[in-house]
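Quick notes on the structure that follows.
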Amino acid sequence: MQVKHAHAGWQPSRLREHREAMGLTLEAAGEELRRISERHRWGLAANFQTIGRHERGESFPHVHYRRAYALLYQADDAALGFRAPKPGAPQPGDLEIPGVVDGSNFQKEATRAIQEALTRISSIGPPSDKSIRDILESRVLDAWSSRFVVKAPERKTLTLVGGYAGSGKTEFARFLSDITGWALLDKDSLTRCMAERLLVSLGGDPSDRHSPLYMNEVRPLEYRCLMETTFDNLDCGVSTVLSAPFIAELNQESWLLRLKNKCAARGVEVAVLWVRCDLESMREYLEFRAAPRDTWKLQNWEEYAATLDTEKAPSGVNITVDNRYGTAIATADRTRESLRRMMP
């Protein structure tokens, strides 16, 4: 990967120290990283040459390599030398990853791991939001349990996961979907092809995500498609997790009220999450994924960044997920690993 920006505090030798502390050769470390990559579908080659370049500081590991290293060495970005510790930054902490547990203890240990992860990476606003978080946690745990035992159908749940581009919202939404088995709808996956073709038909740039043409003519249709598909799921009794920026929507009290009223009429609980992230991490991820729709943002980064409020969530948010420096996603990765290893 070409290093486009300086990485403050990068200490490449830390990777070698962790590898040697585990008694791994470069080849053995590569084999373990490939196994992790295969489970998470990250597509890492992880050969010994690449790992060697990372350890010598010749190439800065991209985001999926860093996630794989964090799982292999059970350490966060700062401990692995990818960045300097930042005052006030959230930390993924140490999640115990046990081995296989017997059937009688499996549900208890799995529930504890999920509860710990959700508590660690989320914060709530007004007192009324605590009941929403408690309901969401209860629904998540019920959905997890229902995948292993036969029980009465759970109450339907709609979870909105919003955030700026590159914040980690889709990864966190996928984490919730992985645990619960709820359907995942991502706005980009659902509407990108349609949006690009419509922009071309209107004489615009298919990668445009900022002009009045996109904002007035295309964006409303994207969200309409997303929400109509959502209600198709809910009407079929399928709880659903939505991943989309939701920036304008979550600041519109009338939009949220209509949504909650429609859900209440169907007996559906609603939780609204916001994934908070820092500018440095968002920019790095946009560069890594290299999507055409991000071109304007990256070419006009200072102008774009000035429009973002990374300190405060939109007014309609119930729960904030703190993913500054990738810590929430690191916790999600470790929780998945913990659950996988506990499986009888």
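Here are a few things to note about the model shown:
- The single condition from (1) in contact with a strand residue (DSSP E or B) (Cβ under 6 Å, 6 or more places away or on another chain); (2) at pLDDT 95 or above that N318 fails is (2).
- Given (1) in contact with a Gly (Cβ under 8 Å, 6 or more places away or on another chain); (2) at pLDDT 95 or above, number of the condition N251 does not satisfy: (2)
- The single residue among Q74, Q91 that is more than 23 Å from S239 (Cβ to Cβ), under 24 Å from the mean Cα position of the chain (by Cα), at pLDDT below 85 and surrounded by 13 or more Cβ atoms within 10 Å (Cβ to Cβ) turns out to be Q91.
- Set side by side, the residues L141, L176, L185 differ, and just one is in contact with a Phe, Trp or Tyr (Cβ under 9 Å, 6 or more places away or on another chain), touching a residue at least 12 places away in the same chain (Cβ under 8 Å) and under 19 Å from V238 (Cβ atoms), which is L176.
- When E20, E55, E109 are checked against the criterion of being at pLDDT 95 or above, open to solvent by 30 Å² or more (accessible area, probe 1.4 Å) and either under 25 Å from A8 (Cβ atoms) or not hydroxyl-bearing (S, T, Y) (or both), E20 stands alone in meeting it.
- Test for L184: is it surrounded by 17 or more Cβ atoms within 10 Å (Cβ to Cβ) and in contact with a Lys or Arg (Cβ under 8 Å, 6 or more places away or on another chain): yes
- Within the range 188-220, the set of residues being over 30 Å from S145 (Cα atoms), open to solvent by 70 Å² or more (accessible area, probe 1.4 Å) and in contact (Cβ under 8 Å) with a residue 12 or more places away in the chain comprises R192, L202, H210, E217.
- Residue that is least open to solvent (accessible area, probe 1.4 Å), among those in the range 26-43 that are in a helix (DSSP H, G or I) and free of Cβ contacts under 8 Å to residues at least 24 places away in the same chain: G30
- Single condition T295 does not satisfy, out of (1) outside any helix (DSSP H, G or I); (2) over 17 Å from S123 (Cα atoms); (3) β-branched (V, I, T): (1)
- Of all residues making up the range 295-344, the number that are closer than 28 Å to S128 by Cα, open to solvent by less than 30 Å² (accessible area, probe 1.4 Å) and in contact with a Pro (Cβ under 7 Å, 6 or more places away or on another chain): 2
- All conditions but one from (1) small (G, A, S); (2) surrounded by 19 or more Cβ atoms within 10 Å (Cβ to Cβ); (3) closer than 30 Å to P206 by Cβ apply to A271; the one that does not is (3).
- Residue match in the range 150-170 (condition: open to solvent by less than 50 Å² (accessible area, probe 1.4 Å), on the phi < 0 side of the Ramachandran plot and in a helix (DSSP H, G or I)): yes
- Scanning the range 228-247 for residues that are open to solvent by 40 Å² or more (accessible area, probe 1.4 Å) and out of contact with any strand residue (DSSP E or B) (no Cβ under 8 Å at 6 or more places or on another chain) yields E228, D232, D235, C236, G237.
The values are calculated or read from the model by the stated rules, or taken from the named source; none is laboratory data. Everything numeric in this text was worked out from a predicted model, so none of it was measured. Cβ: placed from backbone, ideal geometry, glycine included. Neighbour counts: every protein chain shown. When the accessible area is computed, the model is the full protein with side chains, heavy atoms only, and any ligands, DNA or RNA have been set aside. Shrake-Rupley method; radii C 1.70, N 1.55, O 1.52, S 1.80 Å.
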